[in-house]
Amino acid sequence: MACSHPTNAPHPKANSASTTIKGGTKAVAEGTVATFSVYRGTAESGEMKTYQVPVAEGMVVLDAVHHMQANDAPDLAARWNCKAAKCGSCSAEINGKPSLMCKTRMDALPLDEPITITPMKAFPVLKDLVTDVSWNYRVNERITPFTPKSDDTDNWTLYQEDVERVQEFRKCIECFLCQDVCHVIRNHDKKNDFYGPRFMVRLASLDMHPLDTVDRLQAIKEEAGVGFCNITKCCTEVCPEHIHITDNAIIPLKERVADRYFDPIGKLKGALGLNKSRK
Amino acid sequence: MTNPTSNVAYETHEHDVLVIGAGGAGLRAAIEASALGLKVGLVCKSLLGKAHTVMAEGGCAASMGYVDSADGWKTHFKDTMHGGKFLNNFRMAQLHAQEAPERIRELERWGAVFDRTPDGKISQRPFGGHTYRRLCHVGDHTGLEIIRTLQDKGVHSGLDVYMEATITDLLKDGDRVSGAFGYWRESGRFVVFKAKAVILATGGIGRAYKITSNSWEYSGDGDAMAYRAGAELMDMEFIQFHPTGMVWPNGVRGLLVTEAVRGEGGRLYNALGERFMEKVDPKRMELSTRDIVSKAINKEVKEGRGSPHGGVFLDISHRGAEYILKKLPGMYRQLLEFADVDITKGPMEIGPTTHYTMGGVRVEAESTMTKVPGLFAAGEVAAGMHGANRLGGNSLSDLLVFGRRAGLGAYEYIKANNPSTNLSEEVIAAAAKRVTKCFDSDSGENPYTIHKELQDMMQAKVGIVRTEAELHEAIEALKGFRARVANVSVTGSRQFNPGWHLAIELENMLTCAEAVARCALQRTESRGGHTREDHPEYHPHWSTVNSVASQDQDGSMNVGEIPLLPMPEELKALCEGEVGIPKPAA
Ligand SMILES: Cc1cc2nc3c(=O)[nH]c(=O)nc-3n(C[C@H](O)[C@H](O)[C@H](O)COP(=O)(O)OP(=O)(O)OC[C@H]3O[C@@H](n4cnc5c(N)ncnc54)[C@H](O)[C@@H]3O)c2cc1C
Ligand code: SF4
Ligand code: SF4
Ligand code: FES
């Protein structure tokens, strides 16, 4: 199944606005002014407001938001910290596509129509572009922490090739864009049943850590609800860290769950407690 | 406009220890205090996991000796003292060097996954001023690994975390700290924390400058709150201008290019294609200390040998695409995505950027306690560890070592004193009034305008190279800024209002800016992160003292000096001779 972008995007050109930047896409003519249509309001009420921002070379959408704050809307609420795609604070939907504002360059957007910026749809709006992402933090608390075999790290031998796939997952900057785009959360609001791609990645990083001793399969199947994912890969497409969420984290977890719970031999091994030694 | 606080409503939370700041230092302090059985509250301005620590790139210094087995704490100590030009609190430098390796091992136990050596140990890379290959790292996103590890440990440590809450004042009961006042960013509602001890871990002051690698959070809140509460600020003139910030495009000017690029073999060239570090530090070349490299770049640009956008060139392309993509993937993407430069193919343009605050709140080395009983400080907000110049990689390790010590220090203090947590209503009302008066002013200026001009002024007059005349001008200008900030106007409501937040932070930035300018004026020499064009050399007197700034009874700033702690002979002996030159990255 392929990823179809969010259908309820506020902007008709949602699907054509690519935020993938391949160095030096197109130069923006000097004096160009971009029009933005930005969500202003709370969860209860709000409207799209229009702002004009002069475009400078190499400018990103977050620069435009800062320009609006400094000149037209000092109380426009938006999160940011690093301005370098490292902290995962500035998540929003640009022309309907879940994106980091600090990483989306103006020269990669069509400027002949207003650029819409709306808050992430999967989470309740607090104000303007700021959403309540606290659910994600509560999910994280439910995950059993890393539990190594021994504490004697001087005697740990871990080769680069053993940790490479775990390191891929640990690059996650918790922008929650994958959570935002995933239809299980976004359209079906299964927050009670499914941890979402971000925490599939986290579970995979623990499950695949060569020294972790916890048998996590039961939790991955039941509490985390890995079965809710139907591999649309939308999460992988929006991940700013280019983590192969579906192929490298979710599918292997699904396979392990299937082996244990749906394959007769796996089931037997599970019943005898033989799976724990897999690592 | 009516004042939204005419009757002060607030919620109250009580803890044994309140930790302000959830970067590496704050998280590590909270984990320690909690492990010792204390009830801990942890407050941060952003969401958990978004503090500056997440941005650290190159690595965390600790003499594990996995790559160079000759390394040990004694060499790390010596390198740190030389890097700090001997103004460091030697005891902090010693504890840091001794304890850093154990703090790294602990992170591994908690789930951190560092890059590995071929024989399966933690890999360590060379960095400027370190004799050996010493920086434990994960590609070029080491800070992310560290903060995430601490965050995941923290959420299972029974902490009460208050995300997106800003503390605006420390509250006292007599001489002691007994709590803090703040607001929820989301709602603007007030919140009062009662605590037997308070640990500051709020980071630096870089937002007072125009060109900076620091985020909006670095408005010096911790320094300014501690100062108002009676603590001393020390060595504020020492600001680290990191040699390699991006210079183009304008939107990302100042954004850091990690020193790991030079650690992995990157070379600096001027517009004439000369490797100008040959003239400046022929032995260490690009891996000289940051103060020296920044000044060298500044000189090339000033003398007309700069790159098109006012920097110089940094080139790593000779290491080949495969190596660069493995060791510097973040930098590869950052330069490609923001500046259209492919660093596997050619050079990038870079220039100095305001990066790190060596100065900060003066603390006692073992416990991290400030002059104010019950108030502790750790991490970038604390002074002493790095002296006049910090070595790359020594901050992440500092956070771990002194974060833990702050938690421990607060525990010992509470055990010994069982302090009260009384707070008076008047003090709370005054704290509320201070932060809401900007809603009453209709005639004042927009906070963004004042901030921008303050940044321009600090960059121009209290930047990398300083003179007496310009510092006088800066101090004079700051008076003008103070009047403007006193009258600043804020529109909108208290609900998630960045304009309001900035208006409050501006006052803190001004206090820090004034301390930097006054201490810089006082120190008539050049050393580490403080360069005086009119006093270009070391001065024997200034080798023996730290600068201090404290608040006078009448609210004005007193600036003076205090003698360095005398260093024991056996430690002095360790510092003899020159700092070695690390072998290239393995
Ligand atoms: C781009 C970059 C790269 C770096 N790379 C390296 C490196 O490779 N190696 C290295 O050793 N060092 C590096 N450093 C330096 C190092 O990252 C920082 O010095 C360090 O992370 C500071 O940690 P901290 O815990 O003191 O503060 P931070 O991590 O900055 O945390 C400060 C915390 O205080 C909170 N806070 C501040 N004010 C308030 C308030 N008023 N109320 C409530 N909370 C408040 C913030 O919300 C935040 O949670 C780098 C720095 C930058 C900017
Ligand atoms: S988690 Fe599964 S269902 Fe959700 S976006 Fe990713 S692939 Fe699609
Ligand atoms: S997995 Fe990727 S998209 Fe999801 S939160 Fe992490 S960085 Fe963001
Ligand atoms: S501001 Fe940090 S990811 Fe955009």
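Every number in this text was worked out from the coordinates using simple rules, so none of it is lab data. Since the structure is predicted, the reported quantities are computational estimates derived from the model, not experimental observations. Note that we place each Cβ from the backbone using ideal geometry, even for glycine, and neighbour counts take in every protein chain shown.
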Under 20 Å between alpha carbons - lysine pairs in segment B:242-355 that sit 8 or more apart or on different chains: 7
In segment B:161-177, which residues have a backbone nitrogen under 19 Å from the label point lying 7 Å from B:ASN422's Cα in the Cα-to-Cβ direction? B:170-177
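To the nearest 0.05, how large is the calculated FRET efficiency for B:ASN250 and B:HIS156 if R₀ is 30 Å and r is the Cβ-Cβ distance?
0.10
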Simple spin-label model, 7 Å along Cα-to-Cβ: B:LYS283 to B:ARG189 in nm? 6.2
What nm value, rounded to one decimal, do you get for the distance between B:GLU274 and A:GLU30 when each label is placed 7 Å out toward the C-beta? 3.2
Charges on Cβ only, +1 for Lys and Arg, -1 for Asp and Glu, centred on the Cα centroid of segment B:432-563; of B:ALA503, B:MET457, B:VAL485, which one is farthest towards the dipole's positive end? B:ALA503
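Calculate the FRET efficiency for B:LYS583 and A:ARG138 from the Cβ-Cβ distance with a Förster distance of 51 Å, rounded to the nearest 0.05.
Numbers: r = 47 Å, r/R0 = 0.93.
Efficiency, from the Cβ-Cβ distance: 0.60.
Would you please classify the overall shape of segment A:134-271 from the alpha carbon gyration tensor, given that a ≥ b ≥ c denote the square roots of the eigenvalues, rounded means a/c under 1.5, and beyond that prolate means a/b larger than b/c while oblate covers the rest?
It comes out oblate by the Cα gyration axes.
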Could you state the angle between the C-alpha long axis of helix B:447-461 and the longest principal axis of the C-alpha atoms of chain B, as a value from 0 to 90 degrees rounded to the nearest 10? 40
Got a sec? Charge dipole of the protein assembly as shown, +1 on Cβ for Lys and Arg, -1 for Asp and Glu; which of B:VAL516, A:SER89, B:THR531 is way out at the positive end? A:SER89
Within 10 Å of each Cβ of B:334-344, how many other protein chain Cβ atoms are there on average? 4
For a protection proxy built on the mean count of beta-carbon atoms within 10 angstrom, sort B:562-575, B:398-411, A:54-67 highest first, please. B:398-411, A:54-67, B:562-575
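Around B:SER178, with a cut-off of 11 angstrom between Cβ atoms, what is the net charge of the other residues, counting Lys and Arg +1 and Asp and Glu -1? If you can, show how the numbers build up before the last one.
On the way: positive: B:LYS172, B:ARG176, B:LYS194, B:LYS196; negative: B:GLU14, B:ASP173, B:ASP175.
The answer is +1.
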Contour minus end-to-end for A:ASP263 and A:ASN71, with contour as 0.36 nm per residue of separation and end-to-end as the Cα-Cα distance? 62.9 nm
In nanometres, what is the gap between the two model label sites at B:ALA321 and B:GLN98, each 7 Å from Cα along Cα-to-Cβ? 5.1
Expressed as a whole number of Å, what is the distance separating the alpha-carbon centroids of segment B:13-38 and segment B:393-409? 12
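What average count of beta carbons from other chains do you get within 10 Å of the Cβ of residues in B:249-256?
Taking the mean over all residues of the peptide, I get 5.
Relative contact order for chain A: what percent, with Cα pairs under 8 Å and sequence separation of 6 or more?
Numbers: 455 pairs, mean separation 49.8, N = 279.
Across chain A, relative contact order equals 18 percent.
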Between the Cα axis of helix A:160-170 and the main Cα principal axis of chain A, the angle (0 to 90°, nearest 10) is 50
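Return the average number of partner chain Cβ atoms within 10 angstrom of each residue Cβ along peptide A:101-110. Don't skip to the end; give the middle numbers.
Details: counts 0, 5, 4, 1, 5, 1, 1, 1, 0, 0.
For peptide A:101-110, the averaged partner shielding equals 2.
Remind me, relative contact order of chain B in percent, using alpha carbon pairs under 8 angstrom and six or more residues apart? Please list the in-between numbers first.
Numbers: 1425 pairs, mean separation 130.7, N = 586.
Taking the mean separation of contacting Cα pairs over the length of chain B, I get 22 percent.
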Most mobile of A:PHE176, A:PHE146, A:PHE123 per a Gaussian network model of chain A (Cα springs, under 10 Å)? A:PHE146
Can you give me the C-alpha center-to-center distance between segment B:555-586 and segment B:320-389, rounded to a whole angstrom? 20
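If a/c stays under 1.5 just call it rounded; otherwise compare a/b with b/c (prolate if a/b is bigger, oblate if not). Do that for the protein assembly as shown, with a ≥ b ≥ c from the square roots of the Cα gyration tensor eigenvalues. The partial results should precede the final answer.
Working: a/c = 1.26, a/b = 1.16, b/c = 1.09.
Rounded is the answer for the protein assembly as shown, as its axis ratio a/c remains below 1.5.
Report the FRET efficiency, 1/(1 + (r/R0)^6), for B:SER443 and B:SER493, where r is their Cβ-Cβ distance and R0 is 25 Å, rounded to 0.05.
Working: r = 20 Å, r/R0 = 0.79.
Efficiency, rounded to the nearest 0.05: 0.80.
Show me the ranking of peptides B:268-275, A:86-93 by mean Cβ neighbours inside 10 Å, starting with the highest.
Values: B:268-275: 15.8, A:86-93: 26.8.
For the peptides B:268-275, A:86-93, the packing ranking is A:86-93, B:268-275.
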Under 1.5 on a/c is rounded, so check that first for segment B:468-586, then, if it is not, pick prolate when a/b is larger than b/c and oblate when it is not; a ≥ b ≥ c are the square roots of the alpha carbon gyration tensor eigenvalues. prolate
Straight-line reach only, C-alpha to C-alpha below 18 angstrom: list the lysines that B:LYS415 could link to, leaving out same-chain residues fewer than 8 apart. B:LYS39, B:LYS194, B:LYS196
